1. If each residue of separation counts as 0.36 nm, what is the full-extension length gain between residue 26 and residue 86 once their alpha-carbon separation is subtracted?
2. Only Cα pairs under 8 Å and at least 6 apart count here; give the relative contact order of the chain as a rounded whole percent.
3. For the chain, what is the mean residue ellipticity at 222 nm derived from helices alone (per DSSP H run of n ≥ 4: -39500 (n - 2.57); sum divided by total residues; nearest 500 deg cm²/dmol)?
4. Evaluate the Kirkwood expression for the hydrodynamic radius of the stretch 37-92, namely the inverse of the mean inverse distance over all pairs of different C-alpha atoms, and round to one decimal in Å.
5. Starting from 0.36 nm per residue, how many nanometres of slack lie between residue 9 and residue 35 once their C-alpha separation is accounted for?
6. Residue separation times 0.36 nm, minus the C-alpha to C-alpha distance between residue 16 and residue 58: what's the value?
7. Can you put 2, 86 in order of Cβ neighbours within 10 angstrom, beginning with the fewest?
């Protein structure tokens, strides 16, 4: 998926990732374990998760961006709108 296909809140989160924050949720930037094994396998700590704000949601909602590699310079990022049930690679 292209950046243009991200929801507005997803694009905001994506841009914050490359800026190094600030992030609105405490869990943003935490290690994503890839327990579902839907992303390419890698070492623990490679993937980090970031919340994509969901309008009208009282909690973090189901939308996330998962990035692999170095913070601010990730190798690849993926978007999920269904809380890790599926992922689409974000093409810059």
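1. Working: separation 60, 0.36 × 60 = 21.60 nm, distance 2.33 nm.
Gain in length upon complete extension: 19.3 nm.
2. Once normalised by length, the contact order is 27 percent.
3. Details: 1 runs with 12 residues, N = 92.
Value at 222 nm, helices only, nearest 500: -4000 deg cm²/dmol.
4. So the Kirkwood estimate lands at 11.9 Å.
5. So the extension gain works out to 6.8 nm.
6. Details: separation 42, 0.36 × 42 = 15.12 nm, distance 2.14 nm.
Once the chain is fully extended between residue 16 and residue 58, it gains 13.0 nm.
7. In increasing order of surrounding Cβ atoms, one gets 2, 86.
Quick note: the coordinates plus some simple rules give every number you see, no bench work behind them. What you see is a predicted model; the values in this text were computed from it and never measured. Neighbour counts run over all protein chains shown; Cβ positions are idealised from the backbone, glycine included.
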